[in-house]
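For reference, the structure is listed below as structure tokens.
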Amino acid sequence: MLKQDIREELLSLNMRATVPRVAILEIFRDEQRRKTDKAKLSGERPQAVHFSTDEMFKLLIGRKIDVGLATVYRVMQQFEEAGVLSSSRFDAERVTYELNEGRPHDHIVCSVCGRVDEFYDKAMIARQKAVADDLGYMLQNHQLALYGICSVCQSKMGAATVKGKTVKAPGGRPT
Ligand SMILES: [Zn+2]
Ligand SMILES: [Zn+2]
């Protein structure tokens, strides 16, 4: 994505186009486009890219952008307040951000490598609404995360060691 387009997007949000803001939004847009193109080629459903503050910091360093972790943390929060990003908290230490495209979805998180995948399950969404209704709530928002071991980590560990082992989800009950 062109830097000029990013600058204009920031201006339309009444945000000054500082170097960290332009760089962070550019990375989100670039990585999102790359992932969407890749999914289209392999016929998979496109998913959002998800980055924690630490991951974004590393990507910025990789692009030789001189920025402190505290700034990255602040800019991600500013973007969330402006509605550009949305966040999910998967465990005590890690908040993950993605572009706020307004698509409802839930997440499954690898407890080993931290990989995040998205899914959309109509029946599950309907059940969540029904549960809120039963309890007399007007549902405004929801966040659901499943924890497991992704296929890449499973093959690294070898299926035999995974089977029969109790895996503890961060902050959750053992499965
Ligand atoms: Zn997501
Ligand atoms: Zn994994």
Please turn the phi angles of region 98-115 into ³J(HN,Hα) values with the Karplus equation 6.51 cos²θ - 1.76 cosθ + 1.60 (θ = phi - 60°), one per residue in order, whole Hz, x for glycine and proline.
-> 8, 5, 7, 9, x, 8, x, 7, 10, 10, 10, 10, 7, 6, 8, 9, x, 4
Which ³J(HN,Hα) values, rounded to whole Hz and listed in residue order, are derived for region 141-154 from phi using the Karplus coefficients 6.51, -1.76 and 1.60 in 6.51 cos²θ - 1.76 cosθ + 1.60 with θ = phi - 60°, glycine and proline given as x?
-> 7, 8, 9, 10, 10, 9, 10, x, 10, 5, 5, 5, 5, 4
Residue range of the chain that is longest and free of GluC sites (Glu not before Pro) which are both DSSP loop and sparsely packed (at most 15 other C-beta within 10 Å) | 102-175
List the residues whose amide H sits under 5 Å from the amide H of Phe119, counting only those 5 or more places along or on another chain, with H placed 1.01 Å from N in the peptide plane.
-> Asp106, His107, Ile108
Can you give the helix-only mean residue ellipticity at 222 nm for the chain, where every DSSP H stretch with n ≥ 4 adds -39500 (n - 2.57) and the sum goes over all residues, rounded to the nearest 500 deg cm²/dmol?
-> -14000 deg cm²/dmol
With +1 on the Cβ of every Lys and Arg and -1 on the Cβ of every Asp and Glu, the dipole magnitude of the chain about its Cα centre, in debye rounded to the nearest 20, is 560 debye
List Ile24, Ile108 from most exposed to least, where exposure is judged by having the fewest other Cβ atoms within 10 Å.
-> Ile108, Ile24
For the chain, build the charge dipole from Cβ charges (+1 Lys, Arg; -1 Asp, Glu) around the Cα centre, then report which of Ser87, Gln140, Ser52 sits farthest towards its positive end.
-> Ser52
Which of the aspartates and glutamates could a cross-linker span from Lys38 if the Cα-Cα distance has to be under 19 Å and same-chain partners fewer than 8 positions apart are dropped?
-> Glu26, Asp30, Glu98, Glu101, Asp117, Glu118
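We did not get these values from a lab; they are worked out from the coordinates using the rules stated. None of these values were measured; they are calculated from a predicted model. A quick note on method: Cβ atoms are made from the backbone with ideal geometry, for glycine too, and the neighbour counts reach across all protein chains shown.
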